[in-house]
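A.B. asks: Take this structure first; my questions come after.
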Amino acid sequence: MSTVSGPVPATPDHGAPPPADVDASGLPGSPADAVLDLRDVHRTHGTGPAAVHALRGVSLVVRPGELVAVMGPSGSGKSTLLTLAGGLDSPTAGEVRVEGQPLHALDRRGLARLRRRRIGYIFQNLNLIGGLTAVENVALPLELDGTGVRRARRLALAALTEVGLSELGDRFPDQLSGGQQQRVAIARALVGERRLVLADEPTGALDSQTGEAVLRLLRRRIDAGAAGVLVTHEARHAAWADRVVFLRDGVTVDSTAPLVGVETLLAGSGR
Amino acid sequence: MSIRHGLLALLERGQMYGYQLRAAFEESTGSTWPLNIGQVYTTLSRLERDGLVRPLPESEAGQRPYEITDAGRADLALWFATPISRTDRPRDELAIKLALALTTPGVDVRAVVQTQRTATMRALQELTRLKYASDRPEDLPWRLVLDAMVFQAEAEVRWLDHCETSLVRHRPPVSGPSPISEAVGRSGEEARR
């Protein structure tokens, strides 16, 4: 894992730094345990002089138990990165792999199945379905994937229990507070055997205490073995990640090294 | 904050001797403010001189406890009642450093900003990890100290983001006096009139 330190080139035109992670074997192919592997990914919208280069060669590896935060100003490419990671959009160049599977090699059905089974999304806009109860909302992706209704409900209840909402499963979204609705959305993102959680400003308009509770939940799920990418412009939220990657104008300009211990902090806190 | 008021607050709980005070001080600041025993005794002797604490007879083990006096209680109450003035805080070295970077030839200001942002972000991650590990009810005072540091670090990152945005829009003057020297010149002229 490379650690970028010291001054970084300030012009946005410098080439992307080397991939944040390189397979230990040095051979082409995913690092054996990578859940998400972005390789020199580019995404351009439009063509000719009007072309917008949203991403210009970003590489990122996320392993089980690892939460990576992506920070950057509006237009830096962070949401594009998330939609590519989730297979909701395709790169113009480069490759995206989820659990070793190159997404471009999957047909539409295969991609849809991977998205339903292995990837969980948490968006700022919750996308809960108003006509379904909390438990039905959470069970929906499983049922769409062919899981029997009873089993889907059982798994959904387990996911709601994990986020502390076991008592409220039969309520409709408009009967829940903002924080509770967000926890339903998280339960839906975590239900079943999802290995990759993609979150875009998941704490949205929540107050700081509720937002923190949401991040604690996400952190706990990651610690239990999932992998996650958290897109945010709030430093306080990004701080829940193991690694923070800074995007500017479609390239990564820096990243924090993975955390080792707290001794450095305590030694240097007399500032 | 002063060590002086920290010690007074601890003595308000009950009499203590030097080593106990040091341990209690570090515990209440989550070890983020290490004290050496010399600082404790120096502060105690000043507090005694000012009549805010008084020494009690030595124990058999040779330890001399101190207790807070009524004057000490009044001083402590005043401290709690008075907001901390921003001008009493140390000058912000980072702000001064960036201002100098901007006017020093050959310095890559955006690199200075990003290096600082990465370092502050890293500190923020470590603070958050400490918070994650301390969720027992009795950890509340410690968590609030951590939260204060979290919000300060967050403010620093936001300010750095703001600096970067300003730098992108910044067009350095090609020649002529800087706005600051112009302003100084103008007020000097006004003063002469």
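Bear in mind that the values in this text are calculations on the coordinates, not laboratory data. Everything numeric in this text was worked out from a predicted model, so none of it was measured. In this analysis, Cβ positions are derived from the backbone assuming ideal geometry, glycine residues included, and neighbour counts consider all displayed protein chains.
A.B. asks: Within a 10 angstrom radius of the beta carbon, how do A:K78, B:K131 rank from fewest other beta carbons to most? Don't skip to the end; give the middle numbers.
C.D. replies: Details: A:K78 27, B:K131 20.
Ordered by Cβ neighbours within 10 Å, fewest first: B:K131, A:K78.
A.B. asks: Continuing with this model, one more query. Residues with beta-carbon under 12 Å from that of A:L157, excluding A:L157: net charge, scoring Lys, Arg +1 and Asp, Glu -1?
C.D. replies: Values: positive: A:R150, A:R151, A:R153, A:R154; negative: A:E136, A:E162, A:E167, A:D170.
Neighbour charge sum, excluding A:L157 itself: 0.
A.B. asks: Let me ask something additional. Label the range B:3-88 by shape, choosing from rounded, prolate and oblate, from the square roots a ≥ b ≥ c of the eigenvalues of the Cα gyration tensor; if a/c is under 1.5 it is rounded, and otherwise prolate applies when a/b is larger than b/c, oblate when it is not. It would help to have the intermediate numbers written out before the result.
C.D. replies: Numbers: a/c = 2.00, a/b = 1.31, b/c = 1.53.
It is oblate, given that a/c is not under 1.5 and a/b is not larger than b/c.
A.B. asks: Quick one: length gained pulling B:R136 to B:S45 fully straight, 0.36 nm per residue minus the C-alpha distance?
C.D. replies: Roughly 29.1 nm would be gained on extension.
A.B. asks: What average count of beta carbons from other chains do you get within 10 Å of the Cβ of residues in A:213-221?
C.D. replies: That works out to 1 on average.
A.B. asks: Starting from the Cα gyration tensor of the range A:66-179, take the square roots of the eigenvalues, sort them a ≥ b ≥ c, and report rounded, prolate or oblate (rounded when a/c is under 1.5, otherwise prolate if a/b is larger than b/c, else oblate). Mind showing how you got there, number by number?
C.D. replies: Working: a/c = 2.44, a/b = 1.50, b/c = 1.63.
Since a/c reaches 1.5 but b/c is at least a/b, the shape of the range A:66-179 is classed as oblate.
A.B. asks: Please arrange A:M71, B:M149 by counting, for each residue, the other beta carbons lying within 10 Å of its beta carbon, fewest first.
C.D. replies: Numbers: A:M71 27, B:M149 19.
In order of increasing Cβ crowding within 10 Å: B:M149, A:M71.
A.B. asks: Here is a follow-up. Order of A:W240, B:W79 from fewest to most other C-beta atoms within 10 Å? Don't skip to the answer; put the middle values down first.
C.D. replies: Values: A:W240 26, B:W79 16.
By the 10 Å Cβ count, ascending, the order reads B:W79, A:W240.
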